1. If r is the Cβ-Cβ distance from Leu25 to Leu105 and R0 is 35 Å, what FRET efficiency results, to the nearest 0.05?
2. With label points built 7 Å along Cα→Cβ from the Cα atoms of Asp141 and Thr120, find their separation and express it in nm.
3. Does segment 1-136 come out rounded, prolate or oblate by the C-alpha gyration tensor, with a ≥ b ≥ c the root eigenvalues, rounded set by a/c under 1.5 and, if not, prolate when a/b is larger than b/c and oblate if not?
4. Give the distance, in whole Å, between the Cα centre of segment 111-151 and the Cα centre of segment 46-101.
5. Find the relative contact order for segment 1-79 and round it to a whole percent, using C-alpha pairs within less than 8 Å whose residues are 6+ positions apart.
6. With only Lys, Arg, Asp and Glu charged, each at its Cβ (+1 for the first two, -1 for the last two), find how big the charge dipole of segment 41-130 is about the Cα centre; round to the nearest 20 debye.
7. For segment 36-47, in order, what is each residue's ³J(HN,Hα) by Karplus, 6.51 cos²θ - 1.76 cosθ + 1.60 with θ = phi - 60°, in whole Hz (x at glycine and Pro)?
8. Report ³J(HN,Hα) in whole Hz for each residue of segment 61-75, in order, from the Karplus equation J = 6.51 cos²θ - 1.76 cosθ + 1.60 where θ = phi - 60°; Gly and Pro get x.
Amino acid sequence: MIGAILFGAYVLNFIFVQLGVPQQLAQLVAAMPLPPWGVMLLIIGFYLALGTFMEGFSMVITTLPVVYPVMLSLGYDPIWFGVIVTMLVEIALISPPDGTVLYVLQGMRKDDGPITDIFTGVLPFMFVYMLAILILMWIPDIALWLPRVMK
């Protein structure tokens, strides 16, 4: 199944690159009257919306080839963006109604309660993750400190 996902994503990304979608999208975003942080907030919203119905691995494989050139054209650091995308995928795994971790937690419960209990239980974690993303947007050196030290 993973091979089928990878193959499908490869074909989709190949078609996108041949059509020039990433480059056109990067030019379109560069021409927008939004500041770079505004575009980043739109991309975060896009990933959060995708996370409600798409599994994390599939989301990264299909969207990264399109979104990555946009981030580079805005001047963001690739390592910083990788940290942000990883955190957004983690949020997607716990976001209702389709977060895969939610269904694992529901299956591990000893008592038979509604899954809405799980949904309300993960909301504080989602808010903390979102706060961490906002802090990383405000102070990007938090994510870049260790790679700079290791050079």
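1. Numbers: r = 36 Å, r/R0 = 1.03.
Result of the calculation: an efficiency of 0.45.
2. Roughly 4.3 nm, to one decimal.
3. Working: a/c = 2.91, a/b = 1.55, b/c = 1.87.
Judged from the Cα gyration tensor, segment 1-136 comes out oblate (a/c at least 1.5, b/c at or above a/b).
4. Between the Cα centres of segment 111-151 and segment 46-101 lies a distance of 13 Å.
5. On the way: 34 pairs, mean separation 38.5, N = 79.
Computed over segment 1-79, the figure is 49 percent.
6. Details: 2 positive and 7 negative charges, 17 e Å.
About 80 debye.
7. x, 5, x, 5, 5, 5, 5, 5, 5, x, 4, 5
8. The phi angles translate into 4, 8, 9, 4, x, 8, 7, 4, x, 5, 5, 5, 5, 7, x Hz.
Taken together, the values in this text are just the output of simple stated rules run on the coordinates, not laboratory data. Computed from a predicted structure; not experimentally measured. Here the Cβ is made from the backbone with ideal geometry for all residues, glycine too, and neighbour counts use every protein chain on show.
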